[in-house]
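Comments concern the structure below.
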Amino acid sequence: MALLVAREASEYLHVSLFTLSRIEKEALLVPFRTPGGHRRYSLEMLNEYLERTRSPSTEPRGRILVVDDGNELASSLAQTLPSCRFMSARDELQVGMKLAEFNPDLVLVNTGMKSIDGADLCRRLNGQSQDVKILPFDPPRQAGTGSMASTIDLGALAPLQERIAAALGPALSAMTSGP
């Protein structure tokens, strides 16, 4: 499998490097990382992104900020809920900045994070804003692993998808139906 560097991927998508970075921050495209931290993209990944963005049903119906230790959950949800836009934050500083710049409709907070107290963050966010819905969740983990990457599968995300649709209202109820 041939992998493209960021410059080649941006040329393939006909976007700037800045736009490619924005697409990644919104978890619409998740590149492979080399041991040195460099981004690599497969043509299959880029073509899937192009298909999702060209379909008429990709008009975002909700903006969701995912507060989690990694980007895996946001990218998995972005694949299963293409009608929403996702952004992720890893710490309280990023949460504050993303609340201001992304203006989410919903904030998903992993209550099982090791880096910050998710339950306390939910309480503080509920006290600060009446406009943004806060949804705490505890991601399912396979027995014997602490890694989120090893546990994400579409079946495990179904209950969370239903909670998201319920929190964002009837306009998104069609999100959970389908294949």
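Values for this structure:
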| read-out | value |
| --- | --- |
| Condition check for GLU101: modelled with pLDDT of 80 or more, of a type in the set (D, E, K, R), loosely packed, with under 13 Cβ neighbours inside 10 Å and not assigned by TED's automatic domain parsing to the domain that holds PRO159 | no |
| Count of residues meeting criterion [within 20 Å of GLU72 (Cα to Cα) and part of a helix (DSSP H, G or I)] in segment 100-130 | 2 |
| Any hit, segment 29-52, residues being within 25 Å of ASP105 (Cβ to Cβ) and among the small types (Gly, Ala, Ser) | no |
| Within segment 10-45, tally of residues that are of a type in the set (A, V, I, L, M), within 20 Å of ARG85 (Cβ to Cβ) and assigned to a helix (DSSP H, G or I) | 4 |
| Residue selected from segment 1-28 under the condition out of contact with any Pro (no Cβ under 8 Å at 6 or more places or on another chain) and of a type in the set (Asp, Glu), by the criterion nearest to PRO104 (Cα to Cα) | GLU26 |
| Test result for ARG7, assigned to a strand (DSSP E or B), among the basic types (Lys, Arg) and not assigned by TED's automatic domain parsing to the domain that holds SER115 | no |
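Results for (1) surrounded by 16 or more Cβ atoms within 10 Å (Cβ to Cβ); (2) more than 13 Å from SER75 (Cα to Cα); (3) small (Gly, Ala, Ser), shown as yes or no for each residue.
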| site | (1), (2), (3) |
| --- | --- |
| LEU4 | yes, yes, no |
| GLU8 | no, yes, no |
| LEU17 | no, yes, no |
| ILE23 | yes, no, no |
| LEU28 | yes, no, no |
| HIS38 | no, yes, no |
| GLU44 | no, yes, no |
| LEU50 | no, yes, no |
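The values are calculated or read from the model by the stated rules, or taken from the named source; none is laboratory data. Computed from a prediction, not measured in an experiment: that's the story for all the values here. For neighbour counting, all protein chains shown are included, and Cβ atoms are generated from backbone atoms with ideal geometry for every residue, glycine included.
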